[in-house]
Amino acid sequence: MKRLRFIFVLALLTPLFTLSAQQNNQEEDPSLVGQFQRLEKKSGNYRANGIRYEVIRLVDLNRIKENIFDSINTANKTIKDLSATITNNKAEIEDLNTRLQDTSNNLRTVTTEKDSMSFFGAQVSKGTYKLILWGIIVGLLLFLLLFIYKFRNSNVLTSQAKTALADLEQEFEEHRRRALEREQKISRQLQDELNKNKK
């Protein structure tokens, strides 16, 4: 019966010891500094000939040495990986900068083309194109107004010339008629005088 109680108590206490050991392991610092601190705690010392010596177990020293080399190798590998990543990132950044420059140049070209128009084969800005276009329109309007003015002026002069010509023709006809009447009158008088002289 005592054995049964002992086994029962031992079975109850085993989880507590396991839990306690896990807590101790969890409290230990896994870093190199923590490992060196544990090594100092575990080391013993002695004096010989007035000199103090520290005694460290070779197994613990070798374990820390392996951990140090592993940490150094891991750090070197990380450094190589990061260096490769940095190199790749630099190449990608340069490629993106080149693309950005090309895109900026294309955008500048497209903006220039968008803001300009082809006028007789030459690229001119929209403002200059509008100025030229309105200049041509105003010039044509002025030319049209001048043409209308000249046409009306010519029309008035033509009307005046026609009126003057008509007046002149009428006056000429009147003069011709009078001259004809005079001539006829003179001819009659001459004939009358000739007739008188014959008798």
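Does Leu58 satisfy the condition of being loosely packed, with under 10 Cβ neighbours inside 10 Å and either out of contact with any Pro (no Cβ under 6 Å at 6 or more places or on another chain) or touching a residue at least 12 places away in the same chain (Cβ under 8 Å) (or both)? Taking the combined requirement at face value, the residue satisfies it. Condition first: out of contact with any strand residue (DSSP E or B) (no Cβ under 7 Å at 6 or more places or on another chain), at pLDDT below 90 and loosely packed, with under 10 Cβ neighbours inside 10 Å. Can you find one or more residues in region 121-133 that meet it? Yes, region 121-133 has at least one match.
The values are calculated or read from the model by the stated rules, or taken from the named source; none is laboratory data. Here the structure is a predicted model, which is why all the values come from computation and not from measurement. Please note: Cβ atoms are built from the backbone with ideal geometry, for glycine as well, and neighbour counts cover all protein chains shown.
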